[in-house]
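The values are calculated or read from the model by the stated rules, or taken from the named source; none is laboratory data. Bear in mind the structure is a predicted one, so any value in this text is a computation, not a measurement. So basically every Cβ, Gly included, is an ideal-geometry build from the backbone, and we count neighbours across all protein chains shown.
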Amino acid sequence: MNWAPIWPWLIGQEHEALRITGVPTLLLEHLLYVAVPVVAAIVIALPIGLWVGHINKGGTLAINVSNAGRAIPSLGLILIAYIAFEGSLTPVFVTLIAMAVPPILTNTYVGVREVDPEIRDAAAGMGLSGWQILRRVEIPMAMPVIMAGIRTSAVQVVATATLAAFVGLGGLGRPIFTGLATSVQFNPDARTVVVVAVVLVAVFAIVVEQSLGVVERLVVPSGLRRLQEQQRSGAPVNADAGPAQQTEEQSTVTV
Amino acid sequence: MTMALLAQTGRPFPDWAWFNERNVGELRELLIEHIQLTGLALLLGLLIAIPLAVAAVRWRRVYSPLLAFTGVLFTVPSAALFILLLALLPQRPPFGLGIGTSLVGLTIYTLLILFRNTVAGLDSVPPEVTEAATAMGYTPGRRLVRVEFPLALPVIIAGVRIAAVTTIGLVTVTAFIGQGGLGRLFLSGFRTQYTMEIAVGLVLSIVLAVVVDLALVLSERRLTPWSQSRGAGT
């Protein structure tokens, strides 16, 4: 290990031996690669999930999208997108969005679908229109599940963005792949850079996850929070009933 | 998209000529490697997760720390973890670019899912049943093996299914550290800028995931014949 070049690198200078951009820039890049796809995925998946859940049609499709998403190796998807579009990074970005959509879509659908039908009936009985039921009953009640989907999705994009550094995307994956290319096994400089970068990206993923947890606390109605805490203590992950239970955070890893 | 694929590679897409004898022979080897890595990682994962789960059910206090710990490991991006393991594990076989480094990483990723589901499975056994078994003279150890595990099996297998599909995808990433199964096609296709090779790897690894998932569904039905009526709808 060679720690001497690490300190200036951490505060923003280029790493001398390996010529890697300073850490603050890499952090900002990684944040961008996560924030933009996740926001784009929310814009795409949320309306579809809400609508499909509200009218209760196409549910099987919405659920299978997420199961299929798990089976697709994102490395292959990134490489094929990159080569097919002649080395442009735009399709790599599209891949990041595509990887972010399934958990949000499925969780939104399941969240809306799981609202107790009696509550929905009561709302209709009080004279609420379909739109009002969606806005004032279904969305607030589905919020914990939707937020869990967004958290899963964000963690997944952090990982996929790391992979995308292999084809030239910046971010914290950069030093990791540079380290690999400069024989991480034997070069002390490369080894130190990799160790530091992996710790950074791991901490980054955890911080993203936790800060979305804070957002969740803000957007979930307080009455639901107690219920949610009860459910969180040890519900199973089930491949069949699937999404209902996969909605707990961190049930998806990116490949 | 086809146009772009054509333009870049100068070869037709899909390029059926790719499936010549040599490549098909190699495919078989890659497929076997892929299945081996997946199977071994799941096996190791179960060997670690089941004792941990039994401990967590018996001593409730260790459950949350264990769940949090496996959860944190699960959050680490896969490429980062694999390359870190390559840097830090010993450089002699089976580590280095050998199978050991990949297996350690893959096993780590199975732990959260397998641990959580095994605990949930054991928790789902009705207390009346365990009490009845105790009254019939089962020792705790025998009760665990003969009564609690069989009843927990559907939930445990549900976990194995998710872990298997996830692992099949993750195996492709181990191509960076000398393994990779079908993932090797990704990197060699990338090096030669040949989309067909990547597409073959992509499609086959999805097919493998689907087939393994179905096989696990079938094995669940055979292993838990008493829950047939419940499982029939899946």
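Here are some notes:
- Positions within region B:62-72 being within 11 Å of chain A (Cβ to nearest Cβ) and surrounded by 14 or more Cβ atoms within 10 Å (Cβ to Cβ), in sequence order: B:TYR63, B:LEU67, B:THR70, B:GLY71, B:VAL72
- Only one of A:PRO47, A:PRO37 that is buried (at least 18 other Cβ atoms within 10 Å of the Cβ) and either out of contact with any Phe, Trp or Tyr (no Cβ under 6 Å at 6 or more places or on another chain) or of a type in the set (A, V, I, L, M) (or both): A:PRO37
- Some residue of region B:104-122 being part of a helix (DSSP H, G or I) and farther than 24 Å from B:THR38 by Cβ: yes
- Counting only residues that are of a type in the set (Gly, Ala, Ser) and either more than 23 Å from B:PRO94 (Cα to Cα) or within 7 Å of another protein chain (Cβ to nearest Cβ) (or both), region B:165-187 holds 2 of them.
- Taken as a whole, the condition of being closer than 30 Å to B:GLN91 by Cα, modelled with pLDDT of 90 or more and either among the small types (Gly, Ala, Ser) or crowded, with 19+ Cβ neighbours inside 10 Å (or both) does not apply to A:LEU134.
- For region A:148-169, a residue qualifies if it is more than 16 Å from A:ALA205 (Cα to Cα) and more than 10 Å from chain B (Cβ to nearest Cβ), and the qualifying residues are A:GLY168, A:LEU169.
- For region B:86-103, the set of residues classified as surrounded by fewer than 22 Cβ atoms within 10 Å (Cβ to Cβ), at the interface with chain A (Cβ under 10 Å from one of its Cβ atoms) and outside any loop (DSSP other than H, G, I, E, B) consists of B:LEU88 only.
- The set of residues in region A:180-205 being buried (at least 24 other Cβ atoms within 10 Å of the Cβ), facing chain B (nearest Cβ under 7 Å) and under 12 Å from A:MET1 (Cβ atoms) consists of A:VAL184, A:VAL194.
- Looking across region A:1-17, the residues that are outside any helix (DSSP H, G or I), within 30 Å of the chain's Cα centre (by Cα) and surrounded by 13 or more Cβ atoms within 10 Å (Cβ to Cβ) come down to A:GLN13, A:GLU14, A:HIS15.
- You will find that of B:SER188, B:SER219, B:SER205, the residue that is out of contact with any His (no Cβ under 6 Å at 6 or more places or on another chain) and loosely packed, with under 15 Cβ neighbours inside 10 Å is B:SER219 and no other.
- Beta carbons closer than 6 Å, at least 6 apart along the sequence or on distinct chains, pair a first residue in region B:204-226 that is over 30 Å from A:LEU75 (Cβ atoms) and in a helix (DSSP H, G or I) with a second that is modelled with pLDDT under 95 and of a type outside the set (A, V, I, L, M, F, W, C) for B:ARG221/B:GLY231.
- Residue within region B:54-61 that is surrounded by 15 or more Cβ atoms within 10 Å (Cβ to Cβ) and either over 30 Å from A:VAL201 (Cβ atoms) or in contact with a strand residue (DSSP E or B) (Cβ under 9 Å, 6 or more places away or on another chain) (or both) present: yes
- A:THR95 vs. criteria within 13 Å of chain B (Cβ to nearest Cβ), touching a residue at least 40 places away in the same chain (Cβ under 8 Å) and not aromatic (Phe, Trp, Tyr): yes
- Top-ranked residue of region B:118-148 - restricted to ones that are touching a helix residue (DSSP H, G or I) at 6+ places or on another chain (Cβ under 7 Å) and more than 15 Å from B:ARG58 (Cα to Cα), ranked as farthest from the other protein chains (Cβ to nearest Cβ): B:TYR138
- Residue pairs whose Cβ atoms lie under 6 Å apart, sitting 6 or more positions apart in sequence or on different chains, and linking a residue in region A:206-226 that is over 13 Å from A:ALA154 (Cα atoms) to a partner that is among the hydrophobic types (A, V, I, L, M, F, W, C) and assigned to a helix (DSSP H, G or I), are A:GLU216/A:MET147; A:VAL219/A:MET143; A:VAL220/A:MET143.
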